[in-house]
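Asker: Sending over a structure as structure tokens; questions will come in a sec.
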Amino acid sequence: MSKGAYLTDLRAADKKAQEIINQAYETRRLKKQSVETQANKELEVIKKQLAAEYLGAGGGETKTSEAHKQSLKEETDKKLAALQATAEGKKKESLALILHFVTKVNPKANKKNVQAYQQKAIQSVA
């Protein structure tokens, strides 16, 4: 074969490769579009379920009665109290850890031993 024939074959192979790449990009785009569409449909179903749950699926009655408002307020207050109790329990530990890192300077700290130093500091506080 001559150089011209090799170049022609090379150009044909390059063209074929480009077609395959373009086809792959198109397939990828279509898959992504399909997945997004499916996810949006599922999201709409979930939104409708949550809206029905919130509004009360039975009889179209909205749950805006005083009793319902009171139960929601009590539930929220319980959750807030639990979060505050958790925060109070972690306050001393967090403060001690912060103070340790602020007051204890390690002049030998570098990328190699920073993690080990942090683990040691956390264990010394705990």
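Asker: ³J(HN,Hα) across segment 2-17 via Karplus (A = 6.51, B = -1.76, C = 1.60, θ = phi - 60°), whole Hz, x for Gly/Pro?
Answerer: With coefficients 6.51, -1.76 and 1.60, one gets 8, 4, x, 5, 5, 5, 4, 5, 5, 5, 5, 5, 5, 4, 5, 5 Hz.
Asker: Still on this structure: Near A81, within a Cβ-to-Cβ distance under 14 Å, what is the net charge of the other residues, with Lys and Arg +1 and Asp and Glu -1?
Answerer: Details: positive: K73, K78, K79; negative: E74, E75, D77, E88.
In short, -1.
Asker: With θ taken as phi - 60° and the coefficients 6.51, -1.76 and 1.60, list the Karplus ³J(HN,Hα) couplings across segment 84-90 in order, rounded to whole Hz; mark glycine and proline as x.
Answerer: With coefficients 6.51, -1.76 and 1.60, one gets 5, 5, 5, 5, 5, x, 8 Hz.
Computed from the coordinates by the stated procedures, all read-outs in this text should not be read as laboratory data. None of these values were measured; they are calculated from a predicted model. Because the Cβ atoms are built from the backbone with ideal geometry, glycine has one as well, and the counts that use them run over all protein chains shown.
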